[in-house]
Amino acid sequence: MMTTASSQLPVLLVDDEPSLLRSASLLLRAAGIAPVLTLDDSRLVLSRVVEEQIGVVVLDLTMPHLSGQALLEQLS
């Protein structure tokens, strides 16, 4: 069964480079993947996934403050 973009859980992109977040977000939306959320501060990820249902999290592995690897361990 096909679902509309409005009924899909969001994709959360996490990277410390805002230009990469913009590019990736635009590419996903152009491909029909929506909604797309972005965060450029890895310290905000855990609270965001507690507040909101997220379908997929895409992490940069090397970020300041909290690495993507550390986040992945905490999310699983």
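May I ask you to verify whether Asp15 is acidic (Asp, Glu), in contact (Cβ under 8 Å) with a residue 24 or more places away in the chain, in contact with a Pro (Cβ under 7 Å, 6 or more places away or on another chain) and surrounded by 11 or more Cβ atoms within 10 Å (Cβ to Cβ)? Quick ask: steps written out before the conclusion?
On the way: acidic (Asp, Glu): yes; in contact (Cβ under 8 Å) with a residue 24 or more places away in the chain: yes; in contact with a Pro (Cβ under 7 Å, 6 or more places away or on another chain): no; surrounded by 11 or more Cβ atoms within 10 Å (Cβ to Cβ): yes.
Against the criterion (acidic (Asp, Glu), in contact (Cβ under 8 Å) with a residue 24 or more places away in the chain, in contact with a Pro (Cβ under 7 Å, 6 or more places away or on another chain) and surrounded by 11 or more Cβ atoms within 10 Å (Cβ to Cβ)), Asp15 does not qualify.
Looking at Leu61, is it open to solvent by 90 Å² or more (accessible area, probe 1.4 Å) and either touching an Asp or Glu at 6+ places or on another chain (Cβ under 6 Å) or not in a loop (DSSP other than H, G, I, E, B) (or both)?
Values: open to solvent by 90 Å² or more (accessible area, probe 1.4 Å): yes; either touching an Asp or Glu at 6+ places or on another chain (Cβ under 6 Å) or not in a loop (DSSP other than H, G, I, E, B) (or both): no.
Spelling it out, it is not the case that Leu61 is open to solvent by 90 Å² or more (accessible area, probe 1.4 Å) and either touching an Asp or Glu at 6+ places or on another chain (Cβ under 6 Å) or not in a loop (DSSP other than H, G, I, E, B) (or both).
How about region 31-55: which of its residues are more than 17 Å from Leu75 (Cβ to Cβ), hydrophobic (A, V, I, L, M, F, W, C) and part of a loop (DSSP other than H, G, I, E, B)? Step through it out loud before you land on a result.
Taking region 31-55 first, the residues more than 17 Å from Leu75 (Cβ to Cβ) are 31-36, 40.
Narrowing the set further to residues that are hydrophobic (A, V, I, L, M, F, W, C) leaves 31, 33-34, 36.
Correct list: Ala31, Ile33, Ala34.
When only residues in region 18-58 that are of a type in the set (D, E, K, R) and within 17 Å of Leu71 (Cα to Cα) count, which is surrounded by the fewest Cβ atoms within 10 Å (Cβ to Cβ)? Show your work before the answer.
The first filter runs over region 18-58 and keeps only residues of a type in the set (D, E, K, R), leaving 22, 29, 40-41, 43, 48, 51-52.
If we keep only those that are within 17 Å of Leu71 (Cα to Cα) too, we end up with 40-41, 43, 48, 51-52.
Numbers: Asp40: 15, Asp41: 12, Arg43: 12, Arg48: 15, Glu51: 8, Glu52: 11.
Taking the candidates together, the pick is Glu51.
What's the number of the only condition in (1) modelled with pLDDT under 95; (2) surrounded by fewer than 16 Cβ atoms within 10 Å (Cβ to Cβ); (3) out of contact with any strand residue (DSSP E or B) (no Cβ under 9 Å at 6 or more places or on another chain) that Leu66 fails to meet?
Going through the list (1) modelled with pLDDT under 95; (2) surrounded by fewer than 16 Cβ atoms within 10 Å (Cβ to Cβ); (3) out of contact with any strand residue (DSSP E or B) (no Cβ under 9 Å at 6 or more places or on another chain), Leu66 breaks only (2).
The values are calculated or read from the model by the stated rules, or taken from the named source; none is laboratory data. Keep in mind that this is a model prediction, so the values were computed, not measured. So basically every Cβ, Gly included, is an ideal-geometry build from the backbone, and we count neighbours across all protein chains shown. Ligands, DNA and RNA are stripped out before the accessible areas are found, and what is left, the full protein with its side chains, is counted by its heavy atoms. Shrake-Rupley method; radii C 1.70, N 1.55, O 1.52, S 1.80 Å.
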